[in-house]
1. Decide, for segment 100-216, between rounded, prolate and oblate: order the square roots of the alpha carbon gyration tensor eigenvalues as a ≥ b ≥ c, take rounded if a/c falls under 1.5, and otherwise choose prolate if a/b is larger than b/c, else oblate.
2. Hey, what did segment 80-188 get for relative contact order, percent, Cα under 8 Å, at least 6 apart?
3. Just to confirm the number: angle between the C-alpha axis of helix 75-92 and the first principal axis of the chain, 0 to 90 degrees, nearest 10?
4. Modelling each spin label as a point 7 Å along the Cα-to-Cβ direction, I'd like the residue 301/residue 80 distance in nm, to one decimal.
5. For the chain, take the longest principal axis of its alpha carbons; what is the angle in degrees between that and the long axis of helix 279-302, to the nearest 10 within 0 to 90?
6. So, in nm, how far is label residue 341 from label residue 126 when the simple model puts each one 7 Å beyond its Cα toward the Cβ?
7. For labels at residue 87 and residue 260 in the simple 7 Å Cα→Cβ model, what's the distance in nm?
8. Can you classify the chain as rounded, prolate or oblate using the Cα gyration tensor, where a ≥ b ≥ c are the square roots of its eigenvalues, rounded means a/c under 1.5, and otherwise it's prolate if a/b beats b/c and oblate if not?
Ligand SMILES: [Zn+2]
């Protein structure tokens, strides 16, 4: 009755199967009495994803295990749903609750360093009852276990760092840019997320960058939803493509097939054109890659990390296209010779479990002596 899929032979080995939690064959626990675990819970707009990480750094779950998050029903239902996800993942991995030392939780931001949702709410937490709600404290009260909080971008960056460096992770530093609807990411120093005084460190998307060498001379200044102009997200995100880059480039390629599509749909279709080396698509993605290179140049002068990591939709693209994108980022990142000798650039794939896994890594780090 062993469910081998639920047992992880190697840390950070990835499975791709998306599974909704339901009663399945139980994993046979093989543990010494001294072993303990942490649970990672990733809270999203529609579902929670859960994982278990043991004290030796092995994940006990190799696939997505999701439950409805009930975020739209308000904080009370959502905290209950997180507690359900917690119990469910313990059941699925045959982990006794007595072995759990802490829980890592991540949610979309903006939220404070201690997991208090912004007083203005956010896209996921738009009900008034969410505004200023202490989701970390509420879950901690419900479970009776320490809950360690990170925003989802920082959790993903932490996971990307550990996946990239493996056993060396606690000695290394990285900056991760994750290109999606927005531009997320984070800064990791000696294996730990830099969260900042107010929890707002690593908001890489809203770093304003020099646009010389990124934009064309007649291109309008790109605007971001945050109110800034010319920040990284205003160029290097799906929202930036839709609002800023694609409208401009379609004016340069008026006969392009995407000109006939609604702009939101056209933005999503663009990657497929990029993979076919369509000139308009390469112009747009080239601008995105150079914008990320400008961000990494700032990082090089600010924290001088061991690794520059790149994740998100572009990493799921065809291999020749994602390699071209990474190379363009690297060429646009101005490193000194000493930095070039030690720094690495890498794509971090399989980020669908990154939130839960990064949250779990943060909880494990918190429970281990520095
Ligand atoms: Zn912004």
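Read-outs: derived from the displayed coordinates by stated rules, not from any lab. Computed from a prediction, not measured in an experiment: that's the story for all the values here. Neighbour counts are summed over all protein chains in view; Cβ atoms, including those assigned to glycine, are modelled from backbone coordinates with ideal geometry.
1. oblate
2. RCO, segment 80-188: 22 percent.
3. That works out to roughly 70 degrees.
4. Distance between the two pseudo-spin positions: 5.4 nm.
5. 60
6. In this crude label model, residue 341 to residue 126 measures out at 5.4 nm.
7. With each label point 7 Å from Cα toward Cβ, the separation is 5.5 nm.
8. prolate
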